[in-house]
1. Can you give me the number of residues within region 112-122 that are farther than 18 Å from ASP52 by Cα and either buried (at least 16 other Cβ atoms within 10 Å of the Cβ) or within 13 Å of ligand 1 (Cβ to nearest atom) (or both)?
2. Would you mind finding the one in GLY89, GLY108, GLY69 that is under 18 Å from the mean Cα position of the chain (by Cα) and in a loop (DSSP other than H, G, I, E, B)?
3. May I ask you to list the residues in region 229-242 that are touching a residue at least 40 places away in the same chain (Cβ under 8 Å) and in contact with a helix residue (DSSP H, G or I) (Cβ under 9 Å, 6 or more places away or on another chain)?
4. Do you know which residues across region 257-301 are under 18 Å from SER246 (Cβ atoms) and assigned to a loop (DSSP other than H, G, I, E, B)?
5. Return the pairs, sorted by first residue and then second, in which the second residue is within 16 Å of ligand 3 (Cβ to nearest atom) and open to solvent by 20 Å² or more (accessible area, probe 1.4 Å), the first residue lies in region 349-376 and is among the hydrophobic types (A, V, I, L, M, F, W, C), the beta carbons are less than 7 Å apart, and the residues are 6+ apart or on different chains.
6. Within region 154-165, which residues are outside any loop (DSSP other than H, G, I, E, B) and either of a type in the set (A, V, I, L, M) or buried (at least 21 other Cβ atoms within 10 Å of the Cβ) (or both)?
7. Which numbered condition in (1) of a type outside the set (Lys, Arg); (2) in contact with a helix residue (DSSP H, G or I) (Cβ under 6 Å, 6 or more places away or on another chain); (3) part of a loop (DSSP other than H, G, I, E, B) is the only one that GLU248 fails?
8. Could we say that VAL54 is more than 16 Å from ligand 1 (Cβ to nearest atom) and either at pLDDT 95 or above or under 17 Å from the mean Cα position of the chain (by Cα) (or both) here?
Amino acid sequence: MTDKPRTQTREITAAVVRKKGGPFQVETLILEEPRPGEVLIRIVATGMCHTDMVARDQLYTVPMPVVLGHEGAGVVEQVGSNVKKIAPGDHVVLTYMWCGHCKPCLNGDLTYCANFYPLNFGGAREDGSTATHDKQGAVRDHFFGQSSFGTYALAHERNVVRVPSNAPLELLGPLGCGIQTGAGAVMNGLKVRPGSSFAAFGGGAVGLSAVMAARVAGATTIIAADVVPSRLALAKELGATHTVNSRETDPVEAVRKITGGGADFSLESSGRPAVLRQAIDALAIKGVCGIVGAPALGTEASFDVNGVMTTGKRIIGIIEGDSVPDLFIPSLVELYQQGRFPFDKLVKFYSLDQINQAAEDSEKGVTIKPIVRFGS
Ligand SMILES: NC(=O)c1ccc[n+]([C@@H]2O[C@H](COP(=O)([O-])OP(=O)(O)OC[C@H]3O[C@@H](n4cnc5c(N)ncnc54)[C@H](O)[C@@H]3O)[C@@H](O)[C@H]2O)c1
Ligand SMILES: [Zn+2]
Ligand SMILES: [Zn+2]
């Protein structure tokens, strides 16, 4: 059933992408009030994930003009009718959207929602409507059910997660995507065991979150492979026992040597098919490789069929760290508060006016996890 549109609106300041490749343009837009089941959030800060660039550059097609941003954190301003989980004043992290009525959702596999693509990349609600416009007309929104590169965002009760009010809210947005993707891939997807070996191929926000999670999970050999020396240095600080610069050293040989035959678990987060091949080749017998890096839609990759078959290797796709956000995100906050998951070391803050700089710094490898902080 389609809810009736409301007439109340508010002015927001948001970053709009109007053409493939950007830039992000800071503009004044009009946002609707929450419909039944929806939540209006005053955004405090929003992380920038590589997937924002994937959408900006149309590697994943997203209708434009659009407000991106999918790692929002803020304070609940207003809730629509029927909202039970969340109340005004709650501190929340916004995460991916899921439908709640398809088979995977009913089975608890929220990250494999059959409607994941339209709900997260479709630039609209499930019923096709949008809540944002400028003087010319509709601006596409609901990117990851939130479009949080703005002073206010409209999400749904389902993709809003309450977090403790004593945690630093401006830091928490990335838990809604990049950080839960890396940490959850290790803890929920691969189920890395105590005493095992784990190799992260790609040491950006996702890969370094995986490194931190592997330490929490008790892996005793943790290898990070990347091409940016500063990222490798940070990987060591965060728990990597070994690092490999893939530009200088063959990472497959290096991982085999360090582990004495291959890693029990590997994770590909660079989004490059050649690196995926390395992450598979570097596995031990019965090893498991998780794929989280996102190349352009339609990208294919190759592997040695017999090499995988005769060694009983497994290759699995993992979305959003197989996370059930209402359970997993608060547990990551707790690990952070206990000093066991120091993801603040990945972060640099930017103002909304600096959002293009944030994107550039991320792509150049200067900043691992930019967070756009909104003025109070
Ligand atoms: N599956 C999911 O649910 C999910 C969720 C979030 C992000 N992603 C995707 O995960 C990927 C990583 O995201 P991120 O925010 O960490 O991006 P990022 O750009 O910070 O990280 C990518 C890393 O790969 C490294 N790299 C480049 N070439 C390499 C090579 N040859 N060998 C090893 N490393 C190499 C880069 O230096 C960088 O550190 C992106 O593709 C993003 O779109 C997927
Ligand atoms: Zn679903
Ligand atoms: Zn993301």
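The values are calculated or read from the model by the stated rules, or taken from the named source; none is laboratory data. None of the values given here were measured: they were computed from a predicted structure. Here the Cβ is made from the backbone with ideal geometry for all residues, glycine too, and neighbour counts use every protein chain on show. SASA here: full protein model, heavy atoms, side chains in, ligands and nucleic acids out. Shrake-Rupley method; radii C 1.70, N 1.55, O 1.52, S 1.80 Å.
1. Restricting attention to region 112-122, the residues satisfying the condition of being farther than 18 Å from ASP52 by Cα are 112-115.
Subsequent filtering for residues that are either buried (at least 16 other Cβ atoms within 10 Å of the Cβ) or within 13 Å of ligand 1 (Cβ to nearest atom) (or both) retains 112-113, 115.
Count: 3.
2. Within the list GLY89, GLY108, GLY69, the selection yields GLY69.
3. Within region 229-242, ARG231, LEU234, GLU237, LEU238, ALA240 qualify.
4. GLY262, SER269, SER270, GLY271, ARG272, ALA282, VAL292, GLY293, PRO295, ALA301
5. Taking only residues 6 or more apart or on different chains, the pairs are ILE371/VAL347.
6. LEU154, ALA155, HIS156, ARG158, ASN159, VAL160, VAL161
7. Only one criterion is unmet by GLU248, namely (2).
8. Values: more than 16 Å from ligand 1 (Cβ to nearest atom): no; either at pLDDT 95 or above or under 17 Å from the mean Cα position of the chain (by Cα) (or both): yes.
So VAL54 does not fit the description; no.
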